[in-house]
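Undergrad: Encoded as structure tokens, here's the structure I'll be asking about.
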């Protein structure tokens, strides 16, 4: 992904009705450090999960626009609207299936459809376990169509001290896919060199 283009265009974040809103919180917190303009769509089911998991996403000053998921005329519904990337986090299996089948029932589905047809960066972060054959087929179809499938499966080699740090380490890897680097997170190469005294 072109990091130069990322400096000029906003990032579209979509939040759907799956558990794991803490991942959204740490992603927004990290993107805030890059002064990136963010546009966000929060599905109706995601609003229920946000309330249940007690996480406030209204604190981030870099969110310039918050679109109604039912507003199919909003800018993200058009392929002519320029974004540097779209991240669906967490991505419910319902949203995954709709996008995979080309069904556009709301603004999130329609925006993702635009990213696929325009061949623009689309990062989908599913949060479900176990995965059925249908889930896996939908992920495969979206991968073939050009999306990056980034399951919310945290790593432990950074020795996280708590759940928030675990989430922070994982969302830093999503940002890395955008060509950006969260400076206070060590990647495996840095950890390997430290272990070997290189």
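The values are calculated or read from the model by the stated rules, or taken from the named source; none is laboratory data. The shown structure was predicted, so the numbers you read here are calculated from the model rather than taken from an experiment. We place every Cβ from the backbone using ideal geometry, glycine too, and count neighbours over all the protein chains shown.
Undergrad: Can you pull out every residue in segment 48-73 that is free of Cβ contacts under 8 Å to residues at least 40 places away in the same chain, in a loop (DSSP other than H, G, I, E, B), touching a helix residue (DSSP H, G or I) at 6+ places or on another chain (Cβ under 8 Å) and surrounded by 11 or more Cβ atoms within 10 Å (Cβ to Cβ)?
TA: 55, 60, 62, 68, 69, 70, 71, 72
Undergrad: Residue 107 - would you say it is over 15 Å from the mean Cα position of the chain (by Cα), under 12 Å from residue 12 (Cα atoms), surrounded by 13 or more Cβ atoms within 10 Å (Cβ to Cβ) and touching a residue at least 12 places away in the same chain (Cβ under 8 Å)?
TA: Yes: the conditions hold for residue 107.
Undergrad: With the condition kept exactly as written, say whether any residue in segment 152-166 is within 20 Å of residue 17 (Cβ to Cβ), surrounded by 12 or more Cβ atoms within 10 Å (Cβ to Cβ), out of contact with any helix residue (DSSP H, G or I) (no Cβ under 8 Å at 6 or more places or on another chain) and modelled with pLDDT of 95 or more.
TA: No, segment 152-166 contains no residue that is within 20 Å of residue 17 (Cβ to Cβ), surrounded by 12 or more Cβ atoms within 10 Å (Cβ to Cβ), out of contact with any helix residue (DSSP H, G or I) (no Cβ under 8 Å at 6 or more places or on another chain) and modelled with pLDDT of 95 or more.
Undergrad: Further question on the same structure: For residue 88, indicate whether it is in contact with a helix residue (DSSP H, G or I) (Cβ under 9 Å, 6 or more places away or on another chain), assigned to a strand (DSSP E or B), on the phi < 0 side of the Ramachandran plot and in contact (Cβ under 8 Å) with a residue 40 or more places away in the chain.
TA: yes
Undergrad: Moving to a separate point now. Residue 45 is checked against (1) more than 23 Å from residue 134 (Cβ to Cβ); (2) surrounded by fewer than 17 Cβ atoms within 10 Å (Cβ to Cβ) and fails just one. What number does that condition carry?
TA: (1)
Undergrad: Oh, and also: Sort out which residues of segment 119-137 are in contact (Cβ under 8 Å) with a residue 40 or more places away in the chain and within 17 Å of the chain's Cα centre (by Cα), and write them in order of number.
TA: Answer for segment 119-137, where residues must be in contact (Cβ under 8 Å) with a residue 40 or more places away in the chain and within 17 Å of the chain's Cα centre (by Cα): 121, 123, 125, 126, 127, 128.
Undergrad: For segment 83-96, name all the residues that are under 26 Å from residue 131 (Cβ atoms) and crowded, with 18+ Cβ neighbours inside 10 Å.
TA: Passing the criteria: 85, 86, 87, 88, 89, 90, 91, 92, 93, 95, 96.
Undergrad: Would you please name the residue that is surrounded by the fewest Cβ atoms within 10 Å (Cβ to Cβ), looking only at residues in segment 124-144 that are under 17 Å from residue 22 (Cα atoms) and touching a strand residue (DSSP E or B) at 6+ places or on another chain (Cβ under 6 Å)?
TA: This residue is 127.
Undergrad: Take residue 111 and tell me if it is touching a helix residue (DSSP H, G or I) at 6+ places or on another chain (Cβ under 6 Å), farther than 24 Å from residue 153 by Cβ, assigned to a helix (DSSP H, G or I) and at pLDDT 90 or above.
TA: yes
Undergrad: Look at residue 80 and say whether it is touching a strand residue (DSSP E or B) at 6+ places or on another chain (Cβ under 9 Å) and either surrounded by fewer than 17 Cβ atoms within 10 Å (Cβ to Cβ) or in contact (Cβ under 8 Å) with a residue 60 or more places away in the chain (or both).
TA: The answer is no for residue 80.
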